[in-house]
Structures are given as structure tokens and as C-alpha cells.
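Chemist: Take a look at the following structure, please.
The values are calculated or read from the model by the stated rules, or taken from the named source; none is laboratory data. Small disclaimer: the values here were computed from a predicted structure and weren't measured. Here Cβ is always computed from backbone atoms with ideal geometry, including for glycine, and neighbour counts include all displayed protein chains. For the accessible areas, the whole protein counts, side chains as well, though only heavy atoms, and no ligand, DNA or RNA atoms are used. Shrake-Rupley method; radii C 1.70, N 1.55, O 1.52, S 1.80 Å.
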Amino acid sequence: MTDSSTNMRLKLPIVCFILEIILIILFGVLVEYDHDTDARDFHNMSHHDYENDFYYRYPSFQDVHVMIFIGFGFLMTFLQRYGFSSVGFNFLIAAFSLQWATLMQGFFHGMHGGKIHIGVESMINADFCTGSVLISFGAVLGKTSPIQLLIMAMFEVTLFSVNEYILLSVLGTKDAGGSMTIHTFGAYFGLMVTRVLYRPNLDKSKHRNSSVYHSDLFAMIGTIYLWMFWPSFNSAVTAHGDDQHRTAMNTYYSLAACTMSSYAMSALTAHDGKLDMVHIQNAALAGGVAAGTAGEMMLTPFGSMIVGFLAGIISVLGYKYLTPVLEEKLKIQDTCGVNNLHGMPGILGAIVGAVTAAVATKDVYGEGLHDVFPLVAEGKREASVQGGIQAVSLAVTLGIALIGGLIVGFILKLPVFGAPPDTICFEDNIYWEVTCTEDVHLKRKYAIFCYSGVRVELNKSFYFPFPFQ
Amino acid sequence: MTDSSTNMRLKLPIVCFILEIILIILFGVLVEYDHDTDARDFHNMSHHDYENDFYYRYPSFQDVHVMIFIGFGFLMTFLQRYGFSSVGFNFLIAAFSLQWATLMQGFFHGMHGGKIHIGVESMINADFCTGSVLISFGAVLGKTSPIQLLIMAMFEVTLFSVNEYILLSVLGTKDAGGSMTIHTFGAYFGLMVTRVLYRPNLDKSKHRNSSVYHSDLFAMIGTIYLWMFWPSFNSAVTAHGDDQHRTAMNTYYSLAACTMSSYAMSALTAHDGKLDMVHIQNAALAGGVAAGTAGEMMLTPFGSMIVGFLAGIISVLGYKYLTPVLEEKLKIQDTCGVNNLHGMPGILGAIVGAVTAAVATKDVYGEGLHDVFPLVAEGKREASVQGGIQAVSLAVTLGIALIGGLIVGFILKLPVFGAPPDTICFEDNIYWEVTCTEDVHLKRKYAIFCYSGVRVELNKSFYFPFPFQ
Amino acid sequence: MTDSSTNMRLKLPIVCFILEIILIILFGVLVEYDHDTDARDFHNMSHHDYENDFYYRYPSFQDVHVMIFIGFGFLMTFLQRYGFSSVGFNFLIAAFSLQWATLMQGFFHGMHGGKIHIGVESMINADFCTGSVLISFGAVLGKTSPIQLLIMAMFEVTLFSVNEYILLSVLGTKDAGGSMTIHTFGAYFGLMVTRVLYRPNLDKSKHRNSSVYHSDLFAMIGTIYLWMFWPSFNSAVTAHGDDQHRTAMNTYYSLAACTMSSYAMSALTAHDGKLDMVHIQNAALAGGVAAGTAGEMMLTPFGSMIVGFLAGIISVLGYKYLTPVLEEKLKIQDTCGVNNLHGMPGILGAIVGAVTAAVATKDVYGEGLHDVFPLVAEGKREASVQGGIQAVSLAVTLGIALIGGLIVGFILKLPVFGAPPDTICFEDNIYWEVTCTEDVHLKRKYAIFCYSGVRVELNKSFYFPFPFQ
């Protein structure tokens, strides 16, 4: 079932070892503990142990961490024969990306005497960047080798960091939960990559590009974890105090409203009124994406619910009507429908953020304006200008994502990376030892077949006693 | 397999949209950020960002959130053909209930100038109320349409809030972990609803009302998460400091002892000494329920262990001997056995709470008495009176739950809500797109059948080579 | 399928009840709330509620708790027919062990006026000790009765506490994440037990000693949770402030590097370059084990990555080449390969800890030296001596583990404990009610068979319409 080009015996170890050794060397040269993780530095000043940022960020970090590894990993296990790869490649590229992101983000976010200082906040940011790579992974799921994914991650982390630097540091954009930097970027980067990697004969693997009962239940583990911890995601790197608190709460209500509209739209768009697991697994999360920019602002719970409500509707409509069009007309084969979960809701979130920023007033935010819009609070920028900058940031993000995805897509086309042939996409067996395959083996006295990874043996004696024999 | 009455194409969207739009309007009119989530208010006073209640409640909130969505959701996936509905309807009614509960509890817990103020503590309380609805869901699992569940949730959240108001605000009852307000209320409300909805011909769906191997493993995910995070549940809204700390620890030891007695009783009550997954999945959790009221008191680890030990015994005995009697004699079809997990252990917890309250002394609690029994500490009430009030509260809870369940049960009988027919209960296919159904399709050259949601295709060529052909 | 000796109907209840009643009595006599959980004590002093240790340890505790119950429990569900036992026995012996460990550790860690004082830190330590027992469980997985496991847990917790006391209290060893006390101890204790319990005819159960597709996905839930929360594990009981922060971060990078090398080695050691789930599920975690001792030290992220990188390589090599040798030559049947995940990486971690301790200087640690190496900071011990003591501690741990395992192994050989016969190892059905068994039942008109726990019924009508009839 495998040919030599997809054999990973030498390729994967070489790529992993080279990447990791480079990472270790760069960490040795460039990376240092920050003030709150360094034994000498932290004890140099007179503050209480309890003031260490660990206690105010680490629980959020762990929730984000669960979203990255369990949430994204299991969300993609919906495919009947691609569970090992979904969780396993998610695991591999996330482990790589978070190390590489530490370096790239550290480089762009400002060095300290030639050194990158790291602590829990940089860990959260590294996980965020990793999230963006995993969104792109969703677009190409089932059609790429682990080496292609590592190469994609390497470039995407770099471009993510450039875009993030332009938005947060150059333009002074606010995007704590990453509607733009994470979701819009990851989605359109991935969509462009999958466009370039278009496979005209992918329908030869069509029978595997669907779920079975248990694989949908595994996927729901991913969905529910993403849904539950999204409030932590959006609030993980906002300012301390009311900001984190408010962001988490806005996201909570946005998601709840989104779930209601997702269920409604899923039933409404089905001819027999039956709910579709694809919508529930994905669209119900769009409310988290759409609250990514404005979540830290004074969006009000009421406003958050409207945003989530709309996000759910847009997302289900996208899965139902837009995805087939994108595939047929634009040749974009988007396995997980990341355009519907991250792309369009990310754009919605960016627009909501721009509008909410534009109407921000000292009257509403009080002294808290310094936390949310420091440039506006300091009088360096009008709120309306901040709103305009937010809108420009969306355009910048889309531009970098699409151009980046285009270039990286062509790089990934190199045959040396071992992509699976069109006939064996969405199939674990090509890169993983699997207990049994879909092949039917017919022996003299018994038959062995395999369905959904379960090996079934039927032997002769099983049939003989039947009345019809 | 579906008929027109169970078709949700218009009904479900209409109900979801109407409910959500009402919620959004009421939130717009009534709900405001509280002091710790409002940018202006929080910055108005001179306190450190780190004093925001977010840091002292949010980790508990997230644990509770996991219990509501993963814990309850997956605990109910034990049914072989009802996994989508268990997790999916759990998700839907929880998303609705937490919004509605925010309003109802906010209304009863005291408005601020005509507004409901919300923050992390109200989020925990909303999740608690949702938990009560999900307990009732367990009683009617497999026999109700999603619309019935939403209607039930709407009424139950309202009645829950009334009961909670009477207990906590009028009577001054202590019930931090909700042995009464959450577990007893949810269980007996649900049992009464399922009694009213009694289906004499339910045995036509009997073959689906059981587990398969993998569905039991999915259910164990729910069990273990509920078990692990129950200490956070019981301690989530107690007073800060030693109270939260002590409540979590009492619950931890109660659960550990309960697990031991559950395993012992499960083996003891089986004729061949084999452990029964039903007991392990459910009875081992009764120790958390039973520590819900007294957990915050000076119950001592020793006392907690005795309570948990007894709860496990009662719960297994209930599953083994009481549930069949309830079904046959009282016509109460309790799918998940909520009487054994939440009902009887909830009553046990209420009684333990009453006794523990009655013997509380200043000598034992010191100044901490103000946190646990403020009325006793202020001399407004004797400890023995507090104990009596606790006992009265149990009776009030049972009364409201039973009468409420009776009325709501009759409302849910309206045929317009699209309940499944007796022959197709415990079956996802009626409300969900399922890859394959249990029907056997016999084609000219091959057969398709489906077991446990896995579609199996056997074609002619598979049989021909067999020796017996 | 069961014979009388494995029937647990009386044995298991008797053992559970006796153990739990002893625990309850000892708790009643010996255990008290500590300062931070006691209502009177905590309110006796003038400190803020927010200074309660609950807020600085409980989130870590919950992460550790998830590792113990979900992590270890599901990691072992990889076996096709042993999922109930993996999660279920894990649950039982953990619930017992954490209570027993509270007493044993409390006894050795110092009594207060004849009483053991408990709070969140003792809860973490009890979970740690439990982790050690679960590691040993991994070595004997599938070959022991629940009673054997409880007896093993009882002795192992006791010996663990003795060893921990010698290391931490007598020798002044540093081992916050337990490379020695937890992993090395648990692994070699378990390996010695399984050596003594050697089954020459175990290959009669060989067909069950492997995974199926879905069981590997369940196991990945365990793996990913262990991986994500290992930073919390290693940092859970270090000093507050920079120490916890640094330990978590070191572990995070060690694990990321370990994942990269595990994937590389898994592909490299397979003849067809396919990744092996056994390696991914286990070796990718070795980086957490290996950072258990030095994680709290100034290991630097760079150093942590090297340690993790090596741990992944060692672990995969162990699974591939050492495990078969141990089984064939040394008669050590190590079901989960705990030597590769906990044993060798634990030794690596101990050595790294010894070296890192030996080179510690005031210049690097500043005043933080008091937290990490108090004896060195106070001038009572040279850093090089501390390093030597660390190395001696490894030897002590190995000695106690091996001798203890030897003795306990012989105790467990008593036939009264109801071990499964060689032919029915790795099989849930012997101790659990399972919906269906592997037996094929042939009835007059239909056949029932069962694969992977799913009961399949094929009836006559299913075959008749086939063309070949």
C-alpha cells in the first residue's frame, strides 16, 4: 500500500533531527529565563513569591495547551481511517511549532541584550502560534505527509510572527484572542496551500473522507474541549484584572449563543431536519473565534451573544453551501472546512473588533482604557482611528496569509516530501503501523476482513451450521 | 425511520431562534458587567489587578465547566446507539440553560438598580443550575426530543432558581455543593417528569437500551472527569480561604472512600462476582453528591470518608434492587438511574449537612464560623435551629421538585414537541444524520449492514471463495 | 470462562471493606485539618483569605489528578480487550492508594503532636505516591487480579514512603518531580514484581496482548493528557514563585524536544518507516520523566531540550530492542514497557539532577539558592556533595525498589488472590460483566459473534437473498 516515495524511514528522522538540533543550538545561544523564571533575578527584587506571573497565567496556559493538543487533535479524528494521523501529526507539528515559535516571536517581540527572555506568557504565545499552524493543518488534513507538515509549520510560524509583529507592535492593533492573527491567518494560509496542492483525482479516496459513528464521538471530545476552554484562550494574554475576567465572560456567552444558532441552522438546512455532526463539531465553536478581537473590549454580554449568534449561522451556511462551491469552482479542497470555522468567523471577529474599538470612550472604559486601548487613553490616537487600524490589520493579515500560503504551497509540491498518492489519502496505514487494513484476505478456511480498523475473522465453522447450508 | 412528527426541520430552528432572541433581548435590557468585569468600575477603586475575583474562582469555574459538558455529556454515552444525542443534546440544553439561569438567578439573587450584575461567580452558579437540568435529562435520556428537553430546561431552570432563592436567601440554608439545590432537586424533578411520560411499550426499544464495549469506555471518560473535578464543584462558591480548601479536601476523601465501597458492593451483588460498569460509572460518584452540603463544614476527613463510604453502598444497592422496582411498580423509567446517583445520595448529603450544622460550635470553627454559618456566628440563630432549617430545606426541595416535575411532565406530553415513538427510543438516527443505520440493505450483489454505527459492506466476491460454496 | 479461584464475589468486597474500614479508623485517630484547611486555625492569624495555599497549589493538584486518573487510566486502554480493567482497576487502586499514602507520608513526613496534618500539598503528595503504584501496575497489566493489585498497592505505598523519607528528609535529596522517588521506584518495583510473577505460558493469551484501532485512540487520550500536564506535575510541590514557574517551563521544553526525537526514532527503527503507536504513546512522555529531578534547577531551556531529546531516543530504543530481550532472557514480562517510559528515563533524570546539582553556584541562583538547595545555600554542604548525594539516592531507590518488589512479588503469588490463568490474561471478561465475549454462539436460525467487544448478530434472512444461495 506504500511506495518508496512515501517511505519515511530516513526522511522523517533526518528532518526531525535536523530541526531539533537547530532548535537546541539556537535556544543555547539565544534563550534565557525571564525575570519570573530566573532564580537570581526573581529573588533580586523584593516581591512576594505569590506575585510571580505564574499564578495569574499558568491556569490559562494549561487550558490553551489542552485546546492545542486535545482540542485540535481530537477534533480532526472524525475521519474514519485517519485518527492516528489526526492526533499524531497534530502532536508532532505542535511540539515542533511551539519551540520554533518561541524563537520567532522572541525575535520579533523584542530581544533583551541579544537574548530572548521566556516565561509563561511566551509559552502561551507559542501555543497561540501553534494553533494557527493547526488550523492550516485542518485544510490539508489527509493529503500531506508529516514532512510536508513540518516544512509548512516552519514557514507558517515565521510568517505568523511577522504578521503578528506588524499588527501588534507596528500598527498597535488589539487582537488578544487572535481573530486575525491566529484564525484568519491560519485559515487563509491553509486554504491557499490546499489550493496550490489541488488534487484533481482526490475522489479516488472519497470513501475514506467521511466519518463513522465512533470517530464522530472522538471528534466531539475535541469540540467540547475547544468550546469549554475558549474563554481561557481569548483571555490568556489580556491585561490582568477586569480585562481577563471580562474577556472570558464575553467569550462564554458568545459561545453559548453560537451553539443555539448552530443547532437551529443545522436542522433547518437538512431536508429531513436531522442534525449534522459536522455542524455541531465545528460551527458551535465559531462564537469563540468571532469573539477573539472584541472579547477584551466592553462588548457587553449582550453584544457578545449577538456576535456568537451570527457566527453560528454564518458557519453552518458555509459548511452547507460554500464549501462545495469552493471545491468545485475554486479547486479548494478544505478537509475540515476551516474557512467556515476559522476563516469567515475570524473576519467577522475582526470587523466586530474594529467597530467596537471605533466607538470606545473614556466614559465607558474609565481608567481601564489604558489597559485596552493604551494609545487612545494616552491621547495618541482617536478611537475612530484605532477602529480604522483594526480594519487595515485584517487586510494586512489576509494579504500575508494568502501570499505566504501561495509560496509555501509551491514549496510543498516538491515530490521529495513524500505526499500520499490520490488513491490513498485520508488513510493512516500509509504512515502508521495499523493493526489491520481494509484489504480482505481470503484464506482457504476463513476470511479476514477489516472495517474501521477492527480486524474481523470469519471462519468456515461459523457458516456450516446455518440452515441454508 | 422517522415520521413527520419527529421531523425537526422547522420546529427545532423555531424554538432555538425564539429562545435565543428572547435571551439576547433580556440580556440587552437587564444584564451588566459586575464590579470585577467592568473596565471603569474595577479601575475606579484602588486595588491591585491580582485581587480580581477571576484569579480565585476561574480555575474552579473551568473544572465545573468540564463536569457539565464533558462529565455529564460523556457519562451518558454508555448507550450503544445514543452517543450523538447524549453529548449533543447535553451540549444544546446546557448552552441554553446557562444563559437562562444567568437571568433567573440574577433576578432572584438580587438586582442592582434594576440590573443583573454578572461575573465569574454568576457563571459558576449558572453552570450549577445547568447541572441540575442535566441530571433530569439523565432520567428521560433516550425518550425525548431536543425540543422537549429545551422546554423542560426552561421550566426547570426557573423552578431551580425559585427553590434556590427560598433555601439560600429566605431560609439561610447552607448548601454550597448543592446536595439539595442541585442533586436532590434535579433527580426528583426528572423522576417525576419521566413518571408522567411513562411509556408502557418501551420494551420495544429494549435492545438499544444497553451499552457496548466502546460506549462504556466513552462513558468512563465522563465518570472520571466528574470524579476528579467534584472537589472543585463543591468548593467553587464557598467563602474564600480555608473554606474552599477544606471543601475540596473533604470531597476528595469522600469520593475515594465511595470508590472503595462501590467496587466492593458491585462484586458482592453479582452472582458471579463480576464488576458491573453501571455501578462503577455511577455509584463511585455518589460520594461527591453526598458531600455537597457538609463539605464546607468541619466534617473532618474521617467524617467525609464515612459519608462517601455509605453513599457508595446506597447507590449500588439502588441500582441493583430499587431501580427495577421503581420501573415495575411505580412506572418510573429512569434511564441513567439518577435516583441512585443523585437522588438518594443527595438526600443523604442533606441529612449529613443538617446534623453537621446542628453540632457546629464556636469552639470548633473559631472566627471561621462567620464564613460557614453567619447567622449562628452573629447569634441570630442557634446551631440546632440551623440544623432544623437544613432539614426543612430538604423537604421544601423535594416538594418543589416533585410538583414542578409533575406539571412540566404534563406540558411535555404535547405531541407537537416531537417525542420519538416507543419503537425508536435510545436511537440517534431519529434526530441525527448517522453514517449508517441498523437496517440491513440487501442489494443484488452485496449486503450492507450496520452494527453499533459501523457500516459493513459484504459483497458477493467475499463469499464465493469459501469452501462451503 | 471463569473458575472459582478468580471469582471475586466475596474476596473483593472483603478486601475493600477491611482496607477502607482500617483507613477510616486510622483517619479518625490520626488525621487533622492543617492550618490552611482548619476553620479556627486559619482565622486565628491575620492573613488575607487569598494567601491560603489553596490558590497556589490547587490548580497544579487538579492537573496531577487528571494525570493519575485519566492519564494513567487511559494510557493503558491500548489493549483490545482490557479497557474496563485498565481504567477501572486504575481507578480502584488509585482511590485506595491516595488514602493510604496520606497516612504513610504523613507518618514519615512528621507528625504534629501525634497528628497528621493534611491540606492541598499532602493531597498532591498522595497523588504522586499513587502515580508510582500505577507505574508498577503498568508492568503487571493484564496478568493480575484486583485483589493482587490492592495488596501490591498497600505494600508499595509503604515502601515508597520509606524511600521518599530517606531521600528527602534524611539525605536532603532534591527530587520535586520524582525522577527517582516516583518513576525509578515505581518502574523497578513493578519490574521485579512481574519477574517474580513470571508466566511461562503467557503466549496462550498473546492474541489479546495487542491493540485495535479504537483502543489505540483511547490510549492517545491518556498520552496527551500526561504530556500536557507534566509541567504541572514536576512543578506541583516545588517552592512558590520562580521555582514553580521555571520547573513547568523546563518540563514543557523537555517534552517538546522528546516528541521530536521519539517520532524520528520510531520511523528510523521500523523497516518500512511507519510510525508505531507504542512509541508515540509512551516514548514521547519520557522527556517529562527525565526532567523530574533537574526541572526545578537552573537547567536552562537549552539543557531541558537536550535531556528530553535523549530521553526520547533511549525510550524508543528500549521498546524496540530491550523489551524483547528482557522478556526472553530475564523473564521480565513488562506489559506497558515501564522500563522504557519510567525506568531508564527516570535513571537519566536522576543523573542529570546529580550533575546539575553538582555545578550549582550562588552566582547562577542568587538568593534563589535557598529555595532549590537550602543546605548548599546555608553553607552546610558543598554543591559537589549535593551532587554526590543525589547519585547515592538513585542507588538507594533502586535497592529498595528491587528488594521490595522481590518480596511483594512472592506475597502476590499466593493462589488465594485469584490471579487469572495464563489462557485468559489481558481479558476484561474474567472480572467484569462484558456485553459480549469472543465466543461464537451458533443458534438454529442465527449466529452471534463478538469482536472487540461488539456483539454482532447475523440471522438467517441476512444470507438468503444472496445471489450465491
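Chemist: Looking at the stretch B:409-438, which of the residues that are open to solvent by 40 Å² or more (accessible area, probe 1.4 Å) and among the charged types (D, E, K, R) is nearest to A:I280 (Cα to Cα)?
Modeler: Filtering first and then ranking leaves B:E433.
Chemist: Using beta carbons and a limit of 6 Å, which pairs, at least six apart or on different chains, have the first residue in the stretch C:188-207 and farther than 30 Å from C:V396 by Cβ and the second one open to solvent by 50 Å² or more (accessible area, probe 1.4 Å)?
Modeler: C:K204/C:T423
Chemist: Something else about it: Looking at the stretch C:155-178, I want the residues that are over 17 Å from C:V376 (Cβ atoms) and have a partner that is part of a loop (DSSP other than H, G, I, E, B) with Cβ atoms under 7 Å, at least 6 apart or on another chain. Which pairs are those?
Modeler: C:G177/C:A291; C:G177/C:G292; C:G177/C:T293; C:G178/C:G292
Chemist: Still on this structure, I have one more. Collect the residues in the stretch A:313-327 that are crowded, with 24+ Cβ neighbours inside 10 Å and of a type in the set (V, I, T), keeping them in residue-number order.
Modeler: Answer for the stretch A:313-327, where residues must be crowded, with 24+ Cβ neighbours inside 10 Å and of a type in the set (V, I, T): just A:V316.
Chemist: Regarding the stretch A:288-304, can at least one residue be identified that is within 7 Å of chain B (Cβ to nearest Cβ), open to solvent by less than 10 Å² (accessible area, probe 1.4 Å) and aliphatic (A, V, I, L, M)?
Modeler: Within the stretch A:288-304 (the criterion being within 7 Å of chain B (Cβ to nearest Cβ), open to solvent by less than 10 Å² (accessible area, probe 1.4 Å) and aliphatic (A, V, I, L, M)), the answer is no, since none of the residues qualifies.
Chemist: Let me ask you something else. Of B:T259, B:T251, B:T223, B:T238, which residue is over 24 Å from B:L75 (Cα atoms), open to solvent by less than 10 Å² (accessible area, probe 1.4 Å) and in contact (Cβ under 8 Å) with a residue 24 or more places away in the chain?
Modeler: Within the list B:T259, B:T251, B:T223, B:T238, the selection yields B:T238.
Chemist: Quick check on my filter: what residues within the stretch A:10-27 are open to solvent by less than 30 Å² (accessible area, probe 1.4 Å) and not hydrophobic (A, V, I, L, M, F, W, C)?
Modeler: A:P13, A:E20 - these are the residues of the stretch A:10-27 that are open to solvent by less than 30 Å² (accessible area, probe 1.4 Å) and not hydrophobic (A, V, I, L, M, F, W, C).
Chemist: Considering only the stretch B:353-364, I want to know if a residue exists there that is under 15 Å from B:S179 (Cα atoms), hydrophobic (A, V, I, L, M, F, W, C), open to solvent by 30 Å² or more (accessible area, probe 1.4 Å) and in a helix (DSSP H, G or I).
Modeler: Yes - at least one qualifying residue is present in the stretch B:353-364.
Chemist: Tell me which residues, restricted to the stretch B:93-125, are closer than 24 Å to B:P13 by Cα and free of Cβ contacts under 8 Å to residues at least 60 places away in the same chain.
Modeler: B:A94, B:A95, B:L98, B:M104
Every residue, every condition in (1) under 25 Å from B:H65 (Cα atoms); (2) aromatic (F, W, Y), yes or no:
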| site | (1), (2) |
| --- | --- |
| B:L167 | yes, no |
| B:T173 | yes, no |
| B:M180 | yes, no |
| B:P200 | no, no |
| B:D203 | no, no |
| B:V212 | no, no |
| B:L217 | yes, no |
| B:G222 | yes, no |
| B:W227 | yes, yes |
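Chemist: Only one of these is in contact (Cβ under 8 Å) with a residue 24 or more places away in the chain and surrounded by fewer than 21 Cβ atoms within 10 Å (Cβ to Cβ): A:L310, A:L285. Name it.
Modeler: A:L310
Yes/no per residue for (1) part of a strand (DSSP E or B); (2) surrounded by fewer than 17 Cβ atoms within 10 Å (Cβ to Cβ); (3) modelled with pLDDT of 95 or more:
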| site | (1), (2), (3) |
| --- | --- |
| C:G387 | no, no, yes |
| C:A395 | no, yes, yes |
| C:G399 | no, yes, yes |
| C:I403 | no, yes, yes |
| C:R444 | no, yes, no |
| C:L458 | yes, no, no |
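Chemist: So, one more: Please give the helices (runs of 4 or more DSSP H) falling wholly within the stretch A:28-113 in which 1 or more residues are more than 7 Å from chain C (Cβ to nearest Cβ) and open to solvent by 30 Å² or more (accessible area, probe 1.4 Å).
Modeler: A:39-44, A:83-108
Chemist: Something else about it: Would you check if there is a residue in the stretch A:280-287 being more than 20 Å from B:L98 (Cβ to Cβ) and part of a strand (DSSP E or B)?
Modeler: Looking through the stretch A:280-287, none of the residues is more than 20 Å from B:L98 (Cβ to Cβ) and part of a strand (DSSP E or B).
Chemist: Out of everything in the stretch C:365-384 that is open to solvent by 70 Å² or more (accessible area, probe 1.4 Å) and in a helix (DSSP H, G or I), what residue ends up being farthest from C:I14 (Cα to Cα)?
Modeler: C:E367
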